[in-house]
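What follows is a short report on a single structure.
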Amino acid sequence: LPDFTTDAYKDAYSAANKEERARKLEVAAASYLSAADVATRDGEKGRAYFRAGECYRIKRKYDKAADCFKKVMALKGASGYDRGASQLRLGQMIWWQQKPAEAIPVLEKVQTVKGAHPHHITDAMLHCGYCNEKMKKYDQALKCYEAVLSKKTHPHHMSRAELGVGNVKRIQKNYDEAIAHYTKIPAMPKVHPHHVTESYLHSGYILVAQKKYDEAIAAFNKCINYKGGNSNHKGSARLAIGNIYRSQKKYEDAIKEYAKVKDMKKASPYHVTEADRLTGYCYWDMKQYDKAKEYFEKVMAAKKAWSWQKSSTKNMLKAIASKLKK
């Protein structure tokens, strides 16, 4: 008799894949599970369960995703690739739920999966580094990041590991070592643009801490001008330049920098609100209380603002009201 099950699997998997590409993720997940039900081989079942897990993961339905990934791990005949990726995802999801201590042993198991892709192993190492860094176990974090760098793995993993080392060194106030690691990133092959802008941003913060303001401004401008970089990094860099000028009492220059935040493409609403808040402080320092009030009121009217932004702004509006009464 002909094997109708294989054709049924192919049809179900193909339909699920089409739904996934259309971003109908929950429908796609259900279809992948249907494909797994009719599959006759562990490899086919594992692939379908993994894709279902990925759809649920993207929707942040971590319990359902974890169930799918665990089903992959239970299939002895599933591919090493799918098993390694599933074990990685199980660890990552625990990390994303801010449970670093629980995530580490799950991530470490990726190395024990027979046939796991090397990139899954180094990604797991990276996340072990993030977990240790979060728990302030900096020596352990460094070991994880350095292990990734020793593998000569995926370019993005390499640059993320360099960022990880730089970030730990910055936290430890080993500033020169941190900058040395950040400096390597822009020249790395096939580097992700977001990693470059992050390296310039953090270098700038270090240079501010060292009171090397001209060098800091140069680093922040490199971040801002780097093509394809992260818009949040660029907004933070623009605010940081304004803050340098404000600390130097160059209030007009600071106000100009803060104003540029609003002109940036894809500017974060929180950065726009912060630019208004800091502009208000500049006018306060210049004793132009009516102008300061105008900008602080913009912060209070902002639909998207951090609670601390509005809290500090309320205090400033009270202070301005007191000044204007006199």
Inset, instruction - Filter the range 35-46 down to residues that are assigned to a helix (DSSP H, G or I) and surrounded by fewer than 19 Cβ atoms within 10 Å (Cβ to Cβ), then give me how many there are. - result: 3
Inset, instruction - Would you mind stating whether Val110 is open to solvent by less than 50 Å² (accessible area, probe 1.4 Å), among the aliphatic types (A, V, I, L, M) and within 27 Å of Gln97 (Cβ to Cβ)? - result: yes
Legend entry - Output for the range 67-76, where each listed residue is assigned to a loop (DSSP other than H, G, I, E, B) and either under 11 Å from Arg47 (Cβ atoms) or touching a Pro at 6+ places or on another chain (Cβ under 9 Å) (or both): Leu75
Legend entry - Residue identified as open to solvent by 20 Å² or more (accessible area, probe 1.4 Å) and within 23 Å of the chain's Cα centre (by Cα) among Lys61, Lys70: Lys61
Legend entry - Hits in the range 249-273 (condition: surrounded by 23 or more Cβ atoms within 10 Å (Cβ to Cβ) and closer than 18 Å to Asn232 by Cβ): Glu257, Tyr258, Val261, Thr273
Legend entry - Positions within the range 93-124 being hydrophobic (A, V, I, L, M, F, W, C) and either under 27 Å from Gly77 (Cβ atoms) or over 19 Å from the mean Cα position of the chain (by Cα) (or both), in sequence order: Met93, Ile94, Ala101, Val106, Leu107, Val110, Val113, Ala116, Ile121, Ala124
Legend entry - Unmet requirement for Met300, which otherwise passes all of (1) of a type outside the set (Gly, Ala, Ser); (2) open to solvent by less than 50 Å² (accessible area, probe 1.4 Å); (3) within 29 Å of the chain's Cα centre (by Cα); (4) over 21 Å from Ala219 (Cα atoms): (2)
Inset, instruction - Considering each of Tyr49, Tyr32 in turn, give the residue that is in a helix (DSSP H, G or I), farther than 21 Å from Val106 by Cα, without any contact (Cβ under 8 Å) to a residue 40 or more places away in the chain and open to solvent by less than 50 Å² (accessible area, probe 1.4 Å). - result: Tyr32
Inset, instruction - Specify the residue that is farthest from Leu126 (Cα to Cα); the eligible residues are those in the range 154-177 that are surrounded by 19 or more Cβ atoms within 10 Å (Cβ to Cβ) and of a type in the set (S, T, N, Q). - result: Asn167
Inset, instruction - Answer yes or no: is there a residue in the range 77-94 that is surrounded by fewer than 21 Cβ atoms within 10 Å (Cβ to Cβ) and aliphatic (A, V, I, L, M). - result: no
Inset, instruction - Being of a type outside the set (A, V, I, L, M) and part of a helix (DSSP H, G or I) is the filter; apply it to the range 52-66 and report the residue that is nearest to Glu19 (Cα to Cα). - result: Cys55
Inset, instruction - Give the number of residues within the range 97-107 that are of a type in the set (Gly, Ala, Ser) and either surrounded by 14 or more Cβ atoms within 10 Å (Cβ to Cβ) or in contact with a helix residue (DSSP H, G or I) (Cβ under 6 Å, 6 or more places away or on another chain) (or both). - result: 1
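The values are calculated or read from the model by the stated rules, or taken from the named source; none is laboratory data. These figures come from a predicted structure and were not determined experimentally. Counting neighbours? That spans all protein chains shown, and the Cβs are built from the backbone with ideal geometry, glycine included. Side chains are part of the model used for accessible areas, which takes the heavy atoms of the whole protein and leaves out ligands, DNA and RNA. Shrake-Rupley method; radii C 1.70, N 1.55, O 1.52, S 1.80 Å.
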